[in-house]
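J.: This is the structure I want to talk about, given as structure tokens.
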Amino acid sequence: MRVVAVMNYKGGVGKTTLTANLGAVAASRGLRVLLIDLDPQTNLTFSFFTVEDWHHQLKDTRRTIKQWYEDEVPGRETELAGLVVTPERVNKVLDGTGGCVDLVSSHLGLIDIDLELAARLGGATTLETSKRKFLDLHDCLRRALQDDFFTGYDLVLIDCAPNFGIVTKTAIVASERILVPAKADYLSTLGLEYLVGNCRELVRQFNDFVNHGDGTPGHRPIGPDFLGVVFTMVQIYSQQVTMAQHTYIEEVRLNSQVPVLESKIRNSPRHFGDAGESGVPAMLRAGGRDDVVREFDQLADEILGALSLPDGRR
């Protein structure tokens, strides 16, 4: 099982659309994919469930990730496996491929959870108690995903909120790789190095507590690496990226500490303008192999190859 966090400080970069469609393409190739929605906007969840279904099947039955993080230590009382649901509409399309898409739903109230989690880190009377609280909290999602239930999945994609709160940090600790969707513009690329610095500082602090702390059994060092930046919503003219956007892409390629993936996804309101309405990601609804479908196929080739995951097409 490979675990990938999908994140960017900047919203509106196509992060959720990328996560839903990448997961769907991987599933169409025979992989078992789990999507975890950690964004309070809940857009990934609403890409597969209607608002009415979310209320009746998930929110009202307390089957969202918010309930899990509300435990005194997340996952201590609520099993993550018990929150996994199988969206009917997308899996009907995937029937016969051997793959599937499952989901852990988000909740609009997740936006308040970071403050609650931060409060739980306070009040420690000793340094060792503080270290134990830090590790238990930040390591909660990784430890939950080690349950035997999740061994049947090939790929876990975690859709993170556009911030660096504690919920997002639990996703980084749980992940082997980090994928950064970005638009080729000033604001979307501005925070990349800040993101890298914060991730590396989190890894340093976590591993320092693991390696030098007493009374913190069950925790192992972490080493998430950046899978790369994938440029989304790219403007194409005469089969080429526009000059203005090409300049930003090359600047990131030359100056960023994060590698830039070769694959790019063009802006396409025709494909993504009605994202979520049908409960089936656009790449599973597209007829034929147009430019956008080919771009997502190339992206899936690049990412699955980097993760050493099997490709059912070959």
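J.: Just name the residue that is farthest from G279 (Cα to Cα) out of those in segment 38-72 that are at pLDDT below 95 and among the acidic types (D, E).
T.: Going through the qualifying residues, I end up with E72.
J.: Kindly list the number of the only condition in (1) buried (at least 16 other Cβ atoms within 10 Å of the Cβ); (2) under 24 Å from A119 (Cα atoms) that fails for L145.
T.: Condition not satisfied by L145: (2).
J.: Let me ask another. Just for helices (runs of 4 or more DSSP H) wholly inside segment 140-193: which have at least 2 residues that are small (G, A, S)?
T.: Of the helices (runs of 4 or more DSSP H) lying wholly inside segment 140-193, those with at least 2 residues that are small (G, A, S) span 166-174.
J.: Separate question: Would you please list the contacts, defined by Cβ atoms under 6 Å and residues six or more apart or on different chains, that run from a residue in segment 187-200 that is under 20 Å from G14 (Cα atoms) to a residue that is at pLDDT 80 or above and loosely packed, with under 13 Cβ neighbours inside 10 Å?
T.: The qualifying pairs are V196/Q257.
Listed here are the residues, each with its yes/no results for (1) part of a strand (DSSP E or B); (2) in contact with a Phe, Trp or Tyr (Cβ under 8 Å, 6 or more places away or on another chain); (3) over 20 Å from T64 (Cα atoms).
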| residue | (1), (2), (3) |
| --- | --- |
| N91 | no, no, no |
| G98 | no, no, yes |
| L110 | no, yes, no |
| S130 | no, no, yes |
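J.: Here's a check for you: in segment 231-284, which residue that is surrounded by fewer than 16 Cβ atoms within 10 Å (Cβ to Cβ) and of a type in the set (D, E, K, R) is nearest to L179 (Cα to Cα)?
T.: By that ranking, first place goes to E262.
J.: Let me ask something additional. Tell me whether segment 246-256 contains one or more residues that are under 22 Å from the mean Cα position of the chain (by Cα) and in a loop (DSSP other than H, G, I, E, B).
T.: Scanning segment 246-256 turns up at least one residue that is under 22 Å from the mean Cα position of the chain (by Cα) and in a loop (DSSP other than H, G, I, E, B).
J.: Name the residue, out of K183, K169, that is modelled with pLDDT of 95 or more and either under 30 Å from T242 (Cα atoms) or crowded, with 17+ Cβ neighbours inside 10 Å (or both).
T.: Exactly one residue qualifies, and that residue is K169.
J.: Another question, if that's okay. Name the residues in segment 218-245 that are β-branched (V, I, T) and either more than 19 Å from M7 (Cα to Cα) or in a helix (DSSP H, G or I) (or both), would you?
T.: I236, V241, T242
J.: If you go through segment 275-310, how many residues are farther than 23 Å from F231 by Cβ and among the β-branched types (V, I, T)?
T.: Summing the residues that are farther than 23 Å from F231 by Cβ and among the β-branched types (V, I, T) in segment 275-310 gives 1.
J.: Looking at D274, D301 in this structure, which one is under 22 Å from T17 (Cα atoms) and assigned to a helix (DSSP H, G or I)?
T.: D301
J.: Give me the pairs: first residue in segment 64-75 and among the β-branched types (V, I, T), second residue crowded, with 18+ Cβ neighbours inside 10 Å and not in a helix (DSSP H, G or I), beta-carbon distance under 6 Å, and six or more apart or on different chains, which are they?
T.: T64/S105; T64/H107; I65/V104; I65/S106
J.: So, in segment 18-63, of the ones that are free of Cβ contacts under 8 Å to residues at least 60 places away in the same chain and among the basic types (K, R), which residue ends up farthest from G152 (Cα to Cα)?
T.: K59
The values are calculated or read from the model by the stated rules, or taken from the named source; none is laboratory data. Note that this is a predicted model, so its numbers are computed, not measured. Cβ: placed from backbone, ideal geometry, glycine included. Neighbour counts: every protein chain shown.
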